[in-house]
Each structure stands twice: as C-alpha cells, then as structure tokens.
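Accompanying notes for the structure given below.
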Amino acid sequence: MTVRKTESRVPANFQASDLGEASVAADGRCALISFVTSPLVVGRENVYVVFVTDAGLAAAAESFEWTLTENGGPPETQTTPQGEFSYQPKADGVLELVVRILGAGGAEQASLSLEQEMVSPNVELETLIGEARNQPGPGVSNPDVARELINDHNPYYQAVALHTPEAGDGFQRFVFGVVFDGALQRTAAARKRHLDELAASLNGQSADFVNLVGKGAGVCGIRLALLAMILPGLLDFTELPEPFDKRALADEQLRQALAALGEEQLIDLYNLVRFPKSNIERCAAILEALRDRYFPGTNFNDVLTGMSGTRAHWLIRHFKEGPLIRT
Amino acid sequence: MGSVTRKITNFFRGKDDLAERLRRMQAACRAGTGGHTVFIKVFDRKNVLGDAAHSVGAVQLELETFFNGLSATPSLPPFQAQNLQTFTFVVTFITRDSTRAERDGFGMMDFPVYLETTEGSRAFTTDEGEALLMAHKIPSTTAVFIPTDEEGTVRHEPLEPYAAVEKFIPKSIAFGLGIPGTYGVPHSQTNCRKLGIIKVNHLIAGVNSVVTRQERFVVVLKHELGHMFGMAHVPLTIMDENYDEVVKHPSYTIGQLLIVSGTLSTLAQG
C-alpha cells in the first residue's frame, strides 16, 4: 500500500495547516505538511508528510519522489515508497522542496512544493548553553531538549491561547512547562519510534494498539484516550481511580473503549499527536479543559502559584495519568 | 510522578528564572528582501489617536519630511548622507490593532508603534504589555547605543524589554517606550524585532491645547523611533530622558544619525 491509511485523511474539523506548515494542491487531492514551520534550523532534522486524500490519486500512487534544492544549488533527489521523508538542512538560505507522486512507469500523478528558509541554530540559546558550561551554578539541564523546543517548536508553544482570555501569562508558562517536560521524558527518537509503532498498528501491520496507547504520544506525551475525551463525540469523559492497582484495570478498559472507535477516528487522533504543531495545540486545549472542569474560574497564574501549586500538580496528574477521581 | 509534577510546577514559580528565559527565546527573523523602504506603522488600537493629533495628515507629513530629510543634515559625513538617501520612510496610521498575520510578517524594515492608554476599561496593563512584546517576538535582551563621538563610535547599553515595559507603564512621566532590534549582537537573528509604545493619556495630561498636544506627539514619536533605531538616552539631545529637554531639540545629533544609518544598513542586508 503506497498511500497508507494514516496519510489518507486530514483529521475531521482540522485543516492541513493546523498540523504544520502546509502546501495543499489546488485541486485539494493531496497536501504536503512540514513538522517544522519556516525557518528551519541547519543541522536539525525535519519531517515532511504527504497526505493523499483523493481515492483515485491514492490508487494510482506507487512512489514519492522528493527533490530538495538548497540556495539554488544542485538538487538532491530521493524516492520513498510512502509519503514521509526526513531532511536536515545544511546551510543558511532558502530550501526548495518538490515532491512528486509517481504512478506506474514513473508517471507524475501530482506535485507539491514548499519553499522554506534555513537559519543557524538559535544564537541566544547557544550562548546560554556555552556560558552555563563555563560557569558554576544552575544552567540548561538538558541542552538537547532546549535546542529542540527553541529551534523546532518555538512558534507553536508561543501561539497557544485560551478560548477565554485571562490576565497574566500563567497558561503559556504552564503549557511550555508541559511541552518541555514531554520532550525531557523521552528523546525525539524514542517518541518517533512510538509514533511509528502506532502508525503500523493503525495501518494493519500489528495488533498492539491497546498497549501502545498506554503511553503518551508525541512531544507533549498526550494519551490518545484523554484526547478522545476532549474532542467532541468520541469518548465520554471517564475518570480513573487514583489508587494505582485499581487504575491499571480501569485504564485498560478505557484503552479498549478507545480501540473500539472507528478507524477514521483513530487515524485522526494519531495525526493530531503526530505533528508537533497540533500536538502542542491539543495539549493546550486539554490543559484548559481540565482546568475548566476541576478548577473552574481559576486563573492559570493562580493555578501555578496558589495553594503552593497543588492545583497545577493535580492538573498534571490528570493529564499524565487520568483524569483521576478525586477523593 | 510526584517529583515530575512538582518539577514542572516549580519550573514556573518565579518569573526571573531560566525557564522564563527559555520560553521567551524567539525564532530567527525571516531574511530581509533588501528593500530600502522603511515602514513606520502606527497602530491606534485603543482609538486615542484623535486625542494626540488634531490633524493626522499633518503628523504623517511632518514625520515623513523629517525622516526623509535626515540625509540632508548639515555636517553629516557624505558617505552616511548618501547611505541615508537610499532609504525612503513611509509613515502610516492604522486605526485598529495589528493582525496575527501582520505581526508574524513584520520584517526588517517594519517599525510598528502602538498608541495606548492606561485609563478606563481598556487600560494598558503590564500583562498586556508583556503579551504585546511576546506577540512581536521581542527577545529578553537587546541593546541601545550611545555615541561617544561624531564618527560613529558607540558604546552599548543593555536593555531588558520586559522589565522596561513593566516599569514604564505605570510611570506617568514616561510617555513612550522604544525597543530596538538586536542590531549590535554579532550574527543576530532577531534584528527585525522592534516595537514602540506611546501612552497617549500620559502624553497629553494637563495639556489642553490641541496644537501643543500634536507637537508633543510628533516629538515623542521621533524620540521613540530613535530608540527603535538603536539610540540610547543621551542628555541634552532629542534623546534626553526628560521630555522638557527633548522638545528643545528638533533633530538627531550627527552621532545619533550615524546610528540610524548603521542600523538601516544592517537591516537592509537582512
């Protein structure tokens, strides 16, 4: 199968541009989405995904040809069997990407293009990391995580906003903390492996879905069952017992209920957590929904600092383990 | 799990910590187009422009004439005069807030200024000030330049925009704030990130004459744009810290003009 199920549809009620930097074909049959929004950073891997949403085009597609040209230089071309490709920019300047969907005999069925800028790694961050190495005292505890966030995900966590604006920047700080923690808990490679395993199970290549969704997915570590509770019409809001021994069984039942959703709904949930942009946006939406449910009317500044941070502590527990029944 | 959750929340207890510094680090500016048109865009999102200017057209004309005439300043070294001559300044007054697309698209040659008020139901608060800086991707630190001679030698003075905006908002004698891009930083990626804010209610406080109000408005705009070009406060010049002194000086000094010229060259290179 050249066009996998996981690249056959953009999540319902979302657009390609909600997932990342997107280029959509004029006829709407396919879309190219970049994990990172321009500017890309030299030396840092970026992932591109082609969605083929037209059944006829999907049937005709046999391979994907990716051509990348940096600063007008010699093009680099690679062909992949599926519509996903990784690339590391090599120099500052402009990157032109053209992806052709090829059919039988190499005949072009469709073509998408994207132009992005390439810049050096964040100078301010590298200076901070360098200074921390040379001086005693607290520094950037994990430079690789800081590099990932600031170079790759910066526009996403900085763009989060509450549905009902409130004074202060507590919400933005809270979301950044959760994103940072998610990136700290597992390396980008480990997260990618988990997402690939989820994709394989959805594409029918393994039957391990219920176990796989026990772990949070993507940069923020979003549990698909929790995401399904927040999106309308998927799963009923279900709280889990707090004691670990009782929670384990309830959690498995919840994951079984998740697995029983329709294939398209599961694919949509996967794609929302797959792309850093939508993962961070959905993480913010989940945190807001949990705050509204458990601490209605409490400003996020107060969530963070009031009651010695107890509310923040519980929001994070609901996010990572729950939602939990509070006794 | 307790230690993980506590770690996240402790990450954000205080504002002056590493986490906040990381959160405020900004993505690199998009490359400049090499254009030489300087766009000064004044956003009147609180509908206070009319309190400051009885003739917006006259203010626009005066500012454009002033900036487009900088190259003709007597005693300006010929090379700098020629350089400044290649730039055209366009001033626009926009009677609404900027859109997200505009803010994301502000480039090397854009100089956005916001007209604010600290009175009434739409009072400009320190939270709003910080949000405005974040929306414009203003970095945590930048610098302004103090000319030490009239040949272009300067010394840097660091500026922390977020602390500066928090201090400036409640201060009634501080009419405006101008934040420059990081022009002086080698290999800077945030040259394009500049911003001006003028508190119109403080600017016009106690001034009944519409003519005087407009004069103040023009002078303060020149002053704050001076900061946005990278100028520091300099006593006994248009960049003096006190308005009463500022208003006595109709133009920038030669040293200050060299800063404008240098900044524009840096921005034009992208």
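Laboratory data are not the source of any read-out in this text; all were calculated from the coordinates shown. Computed from a prediction, not measured in an experiment: that's the story for all the values here. Positions of Cβ are backbone-derived with ideal geometry, glycine not excepted, and every protein chain shown enters the neighbour counts.
Averaged over the residues of A:165-171, the number of partner chain Cβ atoms lying within 10 Å of the residue Cβ comes to 3. Report summary: the helix-based calculation at 222 nm, which adds -39500 (n - 2.57) for every DSSP H run with n ≥ 4 and divides by the residues of the protein assembly as shown, gives -12000 deg cm²/dmol. Taking packing as the residue-averaged number of other Cβ atoms within 10 angstrom, the listed peptides A:220-226, A:120-126, A:149-155, B:30-36 run from highest to lowest as A:220-226, A:149-155, A:120-126, B:30-36.
For chain B, the dipole from Cβ point charges (+1 on Lys and Arg, -1 on Asp and Glu) about the Cα centre works out to 980 debye, to the nearest 20. All Cα-Cα separations within the stretch A:155-241 were binned at 10 Å from zero, giving a P(r) of 15, 36, 37, 11, 1, each value a whole percent of the pairs. Mean per-residue shielding of peptide B:17-23 is 6, counting Cβ atoms of other chains within 10 Å of each Cβ.
In the calculated pair-distance distribution of the stretch A:90-136, the portion above 14 angstrom amounts to 69 percent of the Cα-Cα pairs.
Going by neighbour counts of Cβ atoms within 10 Å, the residues A:Ile316, A:Ile267 line up, fewest first, as A:Ile267, A:Ile316. This model, with +1 at the C-beta of Lys and Arg and -1 at the C-beta of Asp and Glu, gives the protein assembly as shown a dipole about its Cα centre of some 1120 debye.
Normalising the Debye intensity of chain B to I(0), with uniform scatterers on Cα atoms only, and taking log10 at q = 0.12 Å⁻¹ returns -0.72. Of the DSSP H helices in chain A, those with a Cα length along their own long axis of 20 Å or more and a mean Kyte-Doolittle hydropathy reaching 0.0 comprise A:170-185.
For the peptide A:152-159, the mean number of other protein chain Cβ atoms found within 10 angstrom of a residue's Cβ is 3. With no solvent and one equal point scatterer placed on each C-alpha of the stretch B:213-270, evaluate the Debye formula and give log10 I(q)/I(0) for q = 0.18, 0.27 Å⁻¹, two decimals. The computed values of log10 I(q)/I(0) come out as -0.57, -1.07.
With N the number of residues in the protein assembly as shown, Rg(Cα) / (2.2 N^0.38 Å) evaluates to 1.07.
The tail of the calculated P(r) for the stretch A:13-151 beyond 27 Å holds 32 percent of all Cα-Cα pairs. Among the trypsin sites (Lys or Arg not before Pro) in the stretch B:167-270, those placed in a DSSP loop whose Cβ has at most 16 other Cβ atoms within 10 Å are B:Lys171, B:Lys248. Across the stretch A:77-146, the relative contact order, built from alpha-carbon pairs under 8 Å that are at least six residues apart, equals 23 percent.
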